[in-house]
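Colleague: Starting off with a structure, shown below.
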Amino acid sequence: MENKKTLFSAVQPSGILTIGNYLGALKNFKKLQDDYNSIFALADLHTLTVRQEPENLRKNTYELTALYLACGLDPERSIIFAQSHVPMHAELTWILNTVTYPGELSRMTQFKDKSIKHVDNVNMALMDYPVLMASDILLYQADLVPVGADQKQHLELTRDLAERFNNRFGETFIVPEPYISGSAARIMSLTEPDHKMSKSDANLNAFISMNDEPSVIVKKFKRAVTDSDNKIIVSPEKPGITNLINIYAAFTEKTVSDVEKEFEGKMYGEFKVAVGEAVAEVIEPIRQEKIKLLSDKSYLDSVLKSGADRAKYLAGKTLSKVYKKVGLVPPVRG
Ligand code: TRP
């Protein structure tokens, strides 16, 4: 690996991503791979913490692999792999569990939220989710982890576990820092702009998925909920229009104030069409490329295979160090 800092991130293959996921993660990943030794995982073991249809999980895993590539991740420069292909993630999780307290896991906001959402399936893995995530990060001695607001608490726990382990057994893990990207406006629902845009929203008009065709995108933006005062400005009293301005700014790489100027005195209808077209212009080539990639599963398999081989090498080094520190007898080779 080159003498650059190491960056790790992962996305769960739990469904078709929205433009919120794209802006929050994938779009930045492409830029980051130039500046860091970058490792991007598909967190498929995390996905199992809530009930999945096995066929869907498999399909979504290929979808996300293709999407990573279609968004410009380069499997030569970055390590792209499926978490389940690298057994060290589960193995390190076991060791880290020995320095994790149930209380700190049951206190996690996401665990509490998901326990309410999935009352019928509050399982041990759901509670252990943050420890698996810590293993993801610490195995690669990552310096930086780009995470959204909802994963900040898990990164804090990762830092605590790394420090706790280092204190108890001697320097072993790099304590990772959050990577805060410049413009991370939260992308909100198009129908209820005070809620985050979510791919699991029952109302399909609430979100733009990375699989939406241009005509669908434009139609959904036309229907987006706004207010009645026809001023295209950012304001806490105008969550709908603010969200559309943020989306337009992000997709055209303009500043919010440039967007306000551009549409000064214009009608909402005209602005909504402009937002839809700007989004479609970026999303459509990605969608087309993804369709092409999905038609060649053996290529996608080969990307995941070479990613997993490289990941295993790095993860194996860390895991051996950990096993030695805690006093496990190294297996005799050969
Ligand atoms: N839990 C993250 C999410 O759902 C995905 C994830 C798994 C992750 N392992 C990670 C993100 C390690 C950053 C680092 O968004």
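The values are calculated or read from the model by the stated rules, or taken from the named source; none is laboratory data. Bear in mind the structure is a predicted one, so any value in this text is a computation, not a measurement. Neighbour counts run over all protein chains shown; Cβ positions are idealised from the backbone, glycine included. The protein model used for the area step is the full one, side chains on, heavy atoms only, and it has no ligands, DNA or RNA in it. Shrake-Rupley method; radii C 1.70, N 1.55, O 1.52, S 1.80 Å.
Colleague: So how much slack lies between LYS254 and SER106, counting 0.36 nm per residue of separation and subtracting their Cα-Cα distance, in nm?
Modeller: Values: separation 148, 0.36 × 148 = 53.28 nm, distance 4.16 nm.
Taking 0.36 nm per residue and subtracting the Cα distance, the gain is 49.1 nm.
Colleague: Checking the cross-link filter: which lysines have an alpha carbon closer than 17 Å to that of LYS325, excluding same-chain neighbours under 8 positions apart?
Modeller: Partners within reach: LYS317.
Colleague: Going out from 0 in 20 Å bins, what whole percent of all Cα-Cα distances in the chain drops into each bin?
Modeller: Answer for the chain: a P(r) of 29, 55, 15, 1 percent.
Colleague: Where does the stretch 1-50 land on Rg/Rh, using Cα atoms and the Kirkwood Rh?
Modeller: Values: Rg = 12.5 Å, Rh = 12.0 Å.
Using only Cα positions, Rg/Rh for the stretch 1-50 is 1.04.
Colleague: Find, to one decimal place in angstroms, the Kirkwood hydrodynamic radius of the stretch 22-160, where the mean of 1/r is taken over every pair of different Cα atoms and then inverted.
Modeller: Numbers: mean 1/r = 0.0623 Å⁻¹.
Computed over Cα pairs of the stretch 22-160, the Kirkwood hydrodynamic radius comes out at 16.0 Å.
Colleague: Using a 1.4 Å probe on the protein heavy atoms, what percent of the accessible area of the stretch 1-44 belongs to carbon and sulfur?
Modeller: On the way: 670 of 1650 Å².
Exposed carbon and sulfur together represent 41 percent of the surface.
Colleague: Counting only pairs 8 or more residues apart or on different chains, how many lysine pairs in the stretch 204-306 have their Cα atoms under 13 Å apart?
Modeller: Details: LYS219/LYS272; LYS220/LYS272; LYS222/LYS272; LYS231/LYS261; LYS231/LYS266; LYS231/LYS272; LYS297/LYS305.
Lysine pairs meeting the criterion: 7.
Colleague: Let me ask something else. Which percent of the accessible heavy-atom area of the stretch 172-281 goes to carbon and sulfur, probe 1.4 angstrom? The partial results should precede the final answer.
Modeller: Working: 2960 of 5660 Å².
Ligands and nucleic acids excluded, carbon and sulfur reach 52 percent.
Colleague: Right, next: Place a +1 charge on the Cβ of each Lys and Arg in the stretch 1-146 and a -1 charge on the Cβ of each Asp and Glu, then give the dipole magnitude about the Cα centre in debye, rounded to the nearest 20.
Modeller: On the way: 13 positive and 16 negative charges, 69 e Å.
Once rounded to the nearest 20, the dipole reads 320 debye.
Colleague: Could you give the length gained by full extension between VAL216 and GLU177, i.e. 0.36 nm per residue of separation minus their alpha carbon distance, to one decimal place?
Modeller: On the way: separation 39, 0.36 × 39 = 14.04 nm, distance 3.90 nm.
Between VAL216 and GLU177, full extension yields 10.1 nm more.
Colleague: Something else now. Please report, for the Cα atoms of the stretch 248-334, the Rg to one decimal and the Dmax as a whole number; what are they, in angstrom?
Modeller: 25.0, 76
Colleague: Same structure, new question: Express the accessible area of the chain per residue in Å², computed with a 1.4 Å probe while the remaining protein chains stay in the model.
Modeller: Values: 16470 Å² over 334 residues.
On a per-residue basis, the chain sits at 49 Å².
Colleague: Right, another one. Taking 0.36 nm per intervening residue step and subtracting the Cα-Cα distance, what contour gain separates GLU289 from VAL329 on full extension? List each step's numbers first, then the result.
Modeller: On the way: separation 40, 0.36 × 40 = 14.40 nm, distance 4.86 nm.
The span from GLU289 to VAL329 would gain 9.5 nm if fully extended.
Colleague: Describe numerically, in nm with one decimal, the distance between label points set 7 Å from Cα along Cα→Cβ at LYS30 and at LYS266.
Modeller: Placing both labels 7 Å beyond Cα along the Cβ direction yields 2.3 nm.
Colleague: In addition: Where does each of 255-261, 141-147, 70-76 land if you order them by average Cβ count within 10 Å, highest first?
Modeller: Numbers: 255-261: 15.0, 141-147: 21.6, 70-76: 16.6.
The peptides rank, most packed first, as 141-147, 70-76, 255-261.
Colleague: Within the chain, which complete DSSP H helices have Cα atoms spanning at least 15 Å along the helix axis and a mean Kyte-Doolittle hydropathy of -1.0 or higher?
Modeller: On the way: long enough: 54-70 (24 Å, -0.54); 124-139 (22 Å, 1.41); 152-169 (26 Å, -1.31); 239-252 (19 Å, 0.86); 268-294 (37 Å, 0.19); 297-326 (41 Å, -0.47).
Qualifying helices: 54-70, 124-139, 239-252, 268-294, 297-326.
Colleague: Can you list the residues of the stretch 101-116 with backbone N under 12 Å from a point 7 Å past the Cα of ARG164, pointing along Cα to Cβ?
Modeller: From the stretch 101-116, the list is 101-107.
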